[in-house]
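**Student:** Got a structure for you, written out below as structure tokens; questions coming shortly.
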Amino acid sequence: MGNFREWAMHFFMLDEGPLIWTSDVLIILATIGIIAVLSYFKLWKWLWDNWLTTVDHKKIGIMYLIAAILMLFRGGTDGLLLRAQLAWPNMHFLNADHYDQIFTTHGTIMILFMAMPAIIGFFNVAVPLQIGCRDVAFPYLNAISFWLFFAAAMLFNLSFVVGGSPDGGWTSYTPYVENAFDPGPGENYFLVALQITGIGTIATGVNFLVTILRMRAPGMTLMRMPMFTWSVFITSIIIVFAFPVLTVALALLLIDRDFGSHFFTVSAGGMPMQYVNLFWIWGHPEVYIVILPAFGIFSEVFSTFSRKRLFGYSAMVVSMVAIAILSFVVWVHHFFTMGAGPGVNSFFGVSTMAIAIPTGVKVFNWLFTMHKGRLEYTSAMLWAVGFIPNFLIGGLTGVMLAVPPADYQYHNSYFLVSHFHYVLIGGTVFGVFAALYYWWPKMFGVLLNERLGKWHFWLFMIGFNICFFPMYFLGFMGMTRRVYTYPAGYGWGVINLIETFGAVLMGIGFLVFAFNILWSARYGERDTTGDPWDARTLEWATTSPAPTYNFARIPEIKGRDAWWIMKKNGESINGPKDIPFEPIHMPNDSGRPIIMSLFFFIAGAGFVFEWWILAIIGLAGVLVTMALRSFEYDDHHYIPVEEIEKTEAAAGRL
Amino acid sequence: METNHKFHQETGFPWKHIWGLIASLVLTAIAFWLALATHQPPALVITVIVILGVGQLLVQLYMFMHFTESDDKAWQVPTIYFAIFIAFTVVAGSIWIMSFKALVA
């Protein structure tokens with residue numbers, strides 16, 4: 001009994017102090033709260049029928065975004081804890097172990113469980129509408145992708161209170177993360193959660209690749225697609241080619257940890273640096289996976305709010321293709337200091353600098369799109385305009401880091417930390433916020449409040465610069481990343497305190513955004529037109545939110561900015577009135593994706609704790625749910641004409 | 001589920017997939033057996049595993065991924081060229097990058 005008590009204390013981390021106890025209490029209260037609200041208002045069936053079993057790309061997109069915003073909160077809280085610890089020399093707010101765990105979960109959650117679902121959420125929300133089709137190519141697979149991501153995110157977050165978080169950094173470098181140095185379930189959480197969400201991401205890549213190639217409305221040639229759809233197309237290609245490398249790297253490391261092989265151990269002839277090499281073969285394309293869709297979002301926002309067509313459309317496409325190819329030949333710049341030799345480092349230094357060229361082309365095209373436009377500074381446009389100088393700072397410091405001899409000075413210093421926060425926040429996070437303000441009416445039929453939106457932008461943008469700009473100087477002053485505290489004599493204290501103040505400002509900005517969501521849901525302006533911004537692309541042609549079938553009739557596309565052309569010609573999206581509608585063929589909802597991902601979760605827990613019976617039960621469940629799908633023949637239905645007419649009449653579109 | 005999108009209802013028993021499954025399992029089993037149960041020189045083992053890997057790739061492409069089928073435009077052709085480029089970059093690049101080990105070990 002004493003043994004069990006000791007094991008449970010350790011397993012549930014009750015010996016780790018008040019941070020964990022507080023989290024336990026908050027998690028239990030939140031869970032009870034959710035269950036109580038759902039039961040009191042009798043919402044369980046509504047939740048299951050409308051959301052948990054849906055295969056509708058619009059609802060899946062919304063679920064991705066809700067999850068991403070929650071994860072932004074989790075990752076942001078991690079960030080604030082780190083900033084609190086670093087605010088002053090010799091602080092002991094967090095101990096070294098906890099600090100390591102928190103910077104690891106901060107990075108992993110922000111990249112894999114915040115940035116990825118946010119951009120994939122917008123794939124789902126916008127792409128099928130932009131190309132004029134009724135759902136993605138594989139709607140059922142799309143639901144599986146989402147639920148795999150969700151199961152992985154929950155598994156990863158569980159590590160905070162059960163068994164301990166990973167502490168090897170978001171890159172999880174060997175040899176430190178091998179069993180000999182880093183025993184316990186923490187690192188397994190990282191490997192298994194990323195593996196599960198990776199399966200979902202590869203499926204998403206395939207799904208959108210096929211959707212964009214095969215399901216465009218008639219007349220929508222590739223060179224007539226909206227720029228966001230182009231960016232998703234290129235991103236999907238990168239996903240399909242980059243993610244399998246991560247799968248291999250994680251699998252080999254998990255085999256090392258769970259089954260005692262020696263792929264990356266120094267003993268028995270393994271090569272620790274090979275893990276680093278494999279990780280960045282995926283890792284560098286990954287940063288383009290999260291930035292290219294943001295580029296696409298900014299292209300839409302700039303042209304909509306400048307009242308002009310996008311400047312240099314073909315140059316934009318060519319530069320994205322160039323970035324996609326170059327993204328696969330630059331990965332060594334993450335580990336120049338490994339010492340692979342001057343030949344290797346020079347090649348990868350030059351290829352890295354080359355990426356600045358297509359990126360610069362894009363920046364100039366955005367500026368020329370705004371040139372002589374009728375600019376309208378809505379919240380979405382503010383994020384887009386703010387993106388250019390902030391991303392430029394991140395990009396230029398990236399070129400500085402690409403010079404191998406100079407990189408030996410900056411490597412793993414706060415200069416680097418600042419660089420990647422400038423490109424990831426200034427690029428991806430600004431893009432996600434721009435898209436949230438831009439597409440919010442399309443998703444929910446209600447506009448976010450502009451006044452609160454502007455407060456959100458300015459607080460976050462100013463806080464961001466106060467937090468991260470001084471880090472460049474801290475880097476030059478010798479502060480390295482991942483130190484949990486520092487002595488007083490180095491003169492880093494005041495700068496760190498200023499940065500922490502900036503981080504708090506960003507947190508307040510986020511709270512304003514959260515308040516904006518709640519306020520707008522109740523009092524926000526309703527979008528009855530379907531086109532609140534007088535925009536150009538096809539998603540604004542249908543109602544807000546779009547009906548299940550998106551378009552009552554698939555539109556005929558006559559050029560770029562399809563909806564703008566229709567508006568100019570005075571055409572209706574539903575076509576001439578005298579042609580009757582036809583029944584619309586749609587996929588059936590299914591509860592199997594969420595059940596399958598539950599089995600993935602069980603199997604994942606088995607691999608994390610090396611409880612093989614649990615792993616076998618989980619994997620068997622996955623196989624059974626897959627097999628059941630193979631024998632499902634009744635997987636679609638038709639929406640009858642009367643129902644289409646009723647829906648369209650209710651929207652005033654007949 | 002789209003107007004410009006035909007249904008492919010497969011008829012007959014999926015022999016192609018069964019043979020593909022068996023072939024991929026056998027190729028995997030040979031690789032495992034070679035690495036774990038025999039004592040051949042590493043260079044030989046690695047060479048054979050690379051050949052088996054290419055075989056596995058062909059099985060996947062032809063048996064499972066409908067590589068030879070297409071309705072109108074054969075999108076898989078440019079994709080496979082890009083795949084070859086990526087595979088070459090990753091494999092040759094890694095060998096080049098990791099060759100420093102010979103100098104320091």
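The values are calculated or read from the model by the stated rules, or taken from the named source; none is laboratory data. Given the structure is predicted, the values throughout are model-derived calculations rather than measurements. Cβ coordinates were reconstructed from backbone atoms using ideal geometry, including for glycine residues, and neighbour counts include every protein chain displayed.
**Student:** Inspect the stretch A:274-290 for any residue being without any contact (Cβ under 8 Å) to a residue 12 or more places away in the chain and within 14 Å of another protein chain (Cβ to nearest Cβ) and give the result as yes or no. Outline the logic, then answer.
**Tutor:** First pass over the stretch A:274-290, keeping only residues without any contact (Cβ under 8 Å) to a residue 12 or more places away in the chain: A:274.
Then drop every residue that is not within 14 Å of another protein chain (Cβ to nearest Cβ), which leaves A:274.
Within the stretch A:274-290, one or more residues are without any contact (Cβ under 8 Å) to a residue 12 or more places away in the chain and within 14 Å of another protein chain (Cβ to nearest Cβ).
**Student:** Answer yes or no as to whether A:Ile557 is away from chain B (no Cβ under 14 Å), buried (at least 20 other Cβ atoms within 10 Å of the Cβ) and part of a loop (DSSP other than H, G, I, E, B).
**Tutor:** Numbers: away from chain B (no Cβ under 14 Å): no; buried (at least 20 other Cβ atoms within 10 Å of the Cβ): yes; part of a loop (DSSP other than H, G, I, E, B): yes.
Considered against the rule, which asks whether it is away from chain B (no Cβ under 14 Å), buried (at least 20 other Cβ atoms within 10 Å of the Cβ) and part of a loop (DSSP other than H, G, I, E, B), A:Ile557 comes out as no.
**Student:** Something else about it: Is at least one residue of the stretch A:251-267 among the hydroxyl-bearing types (Ser, Thr, Tyr) and part of a loop (DSSP other than H, G, I, E, B)?
**Tutor:** Yes; the residues of the stretch A:251-267 include at least one that is among the hydroxyl-bearing types (Ser, Thr, Tyr) and part of a loop (DSSP other than H, G, I, E, B).
**Student:** Could you tell me whether the stretch A:263-280 includes any residue that is β-branched (Val, Ile, Thr) and under 28 Å from A:Ala294 (Cβ atoms)?
**Tutor:** yes
**Student:** Give the stretch A:353-381 a look and list any residue that's β-branched (Val, Ile, Thr) and either within 14 Å of another protein chain (Cβ to nearest Cβ) or surrounded by fewer than 16 Cβ atoms within 10 Å (Cβ to Cβ) (or both), or say none.
**Tutor:** The one that is β-branched (Val, Ile, Thr) and either within 14 Å of another protein chain (Cβ to nearest Cβ) or surrounded by fewer than 16 Cβ atoms within 10 Å (Cβ to Cβ) (or both): A:Ile357.
**Student:** For the list (1) touching a residue at least 12 places away in the same chain (Cβ under 8 Å); (2) surrounded by 15 or more Cβ atoms within 10 Å (Cβ to Cβ), I need the number of the one condition that A:Ala340 fails.
**Tutor:** (1)
**Student:** Now, a different point. Taking into account only those residues within the stretch B:8-30 that are within 14 Å of another protein chain (Cβ to nearest Cβ) and outside any loop (DSSP other than H, G, I, E, B), which is modelled with the lowest pLDDT?
**Tutor:** Restricting to residues being within 14 Å of another protein chain (Cβ to nearest Cβ) and outside any loop (DSSP other than H, G, I, E, B), the top hit is B:His17.
**Student:** While we're on this one: Pairs, please: C-beta under 6 Å, at least 6 apart or cross-chain, first residue assigned to a helix (DSSP H, G or I) and in the stretch A:34-63, second among the charged types (D, E, K, R)?
**Tutor:** A:His57/A:Asp135
**Student:** Has the stretch A:231-244 got at least one residue that is closer than 30 Å to A:Ala180 by Cα, of a type in the set (A, V, I, L, M, F, W, C) and part of a helix (DSSP H, G or I)?
**Tutor:** Yes, the stretch A:231-244 contains at least one residue that is closer than 30 Å to A:Ala180 by Cα, of a type in the set (A, V, I, L, M, F, W, C) and part of a helix (DSSP H, G or I).
**Student:** Cβ-Cβ under 6 Å, sequence separation 6+ or interchain: first residue in the stretch A:130-141 and over 20 Å from A:Ala562 (Cβ atoms) and more than 10 Å from every other protein chain (Cβ to nearest Cβ), partner among the hydrophobic types (A, V, I, L, M, F, W, C) and part of a loop (DSSP other than H, G, I, E, B). Which pairs?
**Tutor:** If the second residue must be among the hydrophobic types (A, V, I, L, M, F, W, C) and part of a loop (DSSP other than H, G, I, E, B), the pairs left are A:Tyr140/A:Val55.
**Student:** Being at pLDDT below 90, part of a loop (DSSP other than H, G, I, E, B) and touching a helix residue (DSSP H, G or I) at 6+ places or on another chain (Cβ under 7 Å) narrows it down to one residue among B:His5, B:His66, B:His39; which is it?
**Tutor:** B:His5
**Student:** Among the residues of the stretch A:95-117, is there at least one that is within 30 Å of A:Arg224 (Cβ to Cβ), of a type outside the set (Gly, Ala, Ser) and out of contact with any strand residue (DSSP E or B) (no Cβ under 8 Å at 6 or more places or on another chain)?
**Tutor:** Yes - at least one qualifying residue is present in the stretch A:95-117.
**Student:** Consider the stretch A:616-645. How many of its residues are over 25 Å from A:Phe600 (Cβ atoms) and surrounded by 16 or more Cβ atoms within 10 Å (Cβ to Cβ)?
**Tutor:** Of the residues in that region, 3 qualify.
**Student:** How many residues does the stretch A:604-638 contain that are more than 14 Å from chain B (Cβ to nearest Cβ), under 30 Å from A:Asn179 (Cβ atoms) and either assigned to a helix (DSSP H, G or I) or not hydrophobic (A, V, I, L, M, F, W, C) (or both)?
**Tutor:** Kept after step one, since they are more than 14 Å from chain B (Cβ to nearest Cβ), are these residues of the stretch A:604-638: A:604-622, A:624-625, A:628-629.
Those left that are additionally under 30 Å from A:Asn179 (Cβ atoms): A:604-622.
If we keep only those that are either assigned to a helix (DSSP H, G or I) or not hydrophobic (A, V, I, L, M, F, W, C) (or both) too, we end up with A:604-610, A:612-622.
Adding up the residues that qualify gives 18.
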